[in-house]
Amino acid sequence: MSAPRIAVTWPRRAPRTPDRYLDAIAAAGGRPLLVTPETGPAGLAGADGLLLAGGLDLHPSLYDQALDPRVAETVEIDGERDRLEMVVVGAALAQGLPVLGICRGHQALNVALGGTLVQDLSLRGIAVPIHYQRRRDPEPPEWEPVHRVRIAPDSRLAAILGAEEVSVNSFHHQVVDRPAPGLRVVGTAEDGLIEALEAPDDPFLLSVQWHPERMARTDPRQAALFAAFVEAARAARSRTTDPARR
């Protein structure tokens, strides 16, 4: 059987390439393909799993909020990607595809399913460099962990990582506020911020606030997350009877 096909959402213009995501998927035995505003939702055709990658902020209107003027200068919006991901999340779930959200993707999954975000950590009295390591001086390498996350011991994520606590990197100034219906908080930072969500009733619907693709080469636990995701995509493909997707 050929490698499971993993669709990765990506913007039209980005400050960096998607290579870290693509490499982590390939190392786990998957075959990555990009879904972009250019491909539109049609880029999901033939995919066996969906990875919502990191990137810019989601527009607050997606979770029924106005842009808070106190933090308006900190929010960077990618509207066309917002529109793309809100559609492809629904399409992936309708098809029964495994979904993994990373950083922005963690937030996008929550918003797509009816949850909300905190528009900037300063609104919670939290200094942004605590969770955005590029603002630290000196700046740590992107794969270097900067804080710990407690994992719910009875969660799918704990089983995948083989641990109830992990050290992670961090590149965000927004965070999940109210989890969407059907999503369970399974990871929290030491300051209580939500770092991981999963759907207990879904075969594989999981998201993390950190960037495991940047740690996968040096941390076997983060590589295990991609391995579990690709294996779930393989299982999802085996359940379909559509010859066009074999």
query = Taking the condition in contact (Cβ under 8 Å) with a residue 12 or more places away in the chain and under 15 Å from residue 196 (Cβ atoms), does residue 150 pass?
reply = yes
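Is it fair to say residue 129 is in a helix (DSSP H, G or I), modelled with pLDDT under 95 and out of contact with any strand residue (DSSP E or B) (no Cβ under 7 Å at 6 or more places or on another chain)? Give the derivation first.
On the way: in a helix (DSSP H, G or I): yes; modelled with pLDDT under 95: yes; out of contact with any strand residue (DSSP E or B) (no Cβ under 7 Å at 6 or more places or on another chain): yes.
Judged against the criteria, residue 129 is a match.
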ask   = If you scan segment 192-221, which residues turn out to be at pLDDT below 95 and touching a helix residue (DSSP H, G or I) at 6+ places or on another chain (Cβ under 7 Å)?
value = 203
message = Of the conditions (1) over 17 Å from the mean Cα position of the chain (by Cα); (2) in a helix (DSSP H, G or I); (3) among the aliphatic types (A, V, I, L, M), residue 66 satisfies every one except a single condition; which number is it?
response = (2)
key: Residues satisfying the stated conditions in segment 31-44, i.e. under 17 Å from the mean Cα position of the chain (by Cα) and either surrounded by 21 or more Cβ atoms within 10 Å (Cβ to Cβ) or within 11 Å of residue 5 (Cβ to Cβ) (or both)   = 32, 33, 35, 44
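Go through segment 93-103 residue by residue and tally those that are touching a residue at least 60 places away in the same chain (Cβ under 8 Å) and part of a helix (DSSP H, G or I). Even if it seems obvious, please write down each step before you answer.
Restricting attention to segment 93-103, the residues satisfying the condition of being touching a residue at least 60 places away in the same chain (Cβ under 8 Å) are 93, 96-103.
Checking the rest, the ones that are also part of a helix (DSSP H, G or I) come to 93.
Number of matching residues: 1.
I'd like the full set of residues that are more than 14 Å from the chain's Cα centre (by Cα) and either of a type in the set (A, V, I, L, M, F, W, C) or within 20 Å of residue 124 (Cβ to Cβ) (or both), limited to segment 187-201.
Kept after step one, since they are more than 14 Å from the chain's Cα centre (by Cα), are these residues of segment 187-201: 188-193, 200-201.
Residues satisfying the conditions are 188, 189, 190, 191, 192, 193.
Is there a residue in segment 218-229 that is aliphatic (A, V, I, L, M), in a strand (DSSP E or B) and on the phi < 0 side of the Ramachandran plot?
As a first pass, look at segment 218-229 and keep what is aliphatic (A, V, I, L, M): 223-225, 227-228.
Now restrict to residues that are in a strand (DSSP E or B): none.
Among the residues of segment 218-229, not one is aliphatic (A, V, I, L, M), in a strand (DSSP E or B) and on the phi < 0 side of the Ramachandran plot, which makes the answer no.
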key: Matching residues in segment 8-23 - criterion: being touching a strand residue (DSSP E or B) at 6+ places or on another chain (Cβ under 9 Å) and touching a residue at least 24 places away in the same chain (Cβ under 8 Å)   = 8, 9, 10, 18, 21, 23
query = In this structure, is residue 108 under 17 Å from the mean Cα position of the chain (by Cα) and at pLDDT 95 or above?
reply = yes
query = Restricting segment 69-92 to residues that are of a type in the set (A, V, I, L, M, F, W, C) and assigned to a loop (DSSP other than H, G, I, E, B), which is nearest to residue 17 (Cα to Cα)?
reply = 75
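The values are calculated or read from the model by the stated rules, or taken from the named source; none is laboratory data. Predicted model only: the values in this text are computed from it and were never measured. Here Cβ is always computed from backbone atoms with ideal geometry, including for glycine, and neighbour counts include all displayed protein chains.
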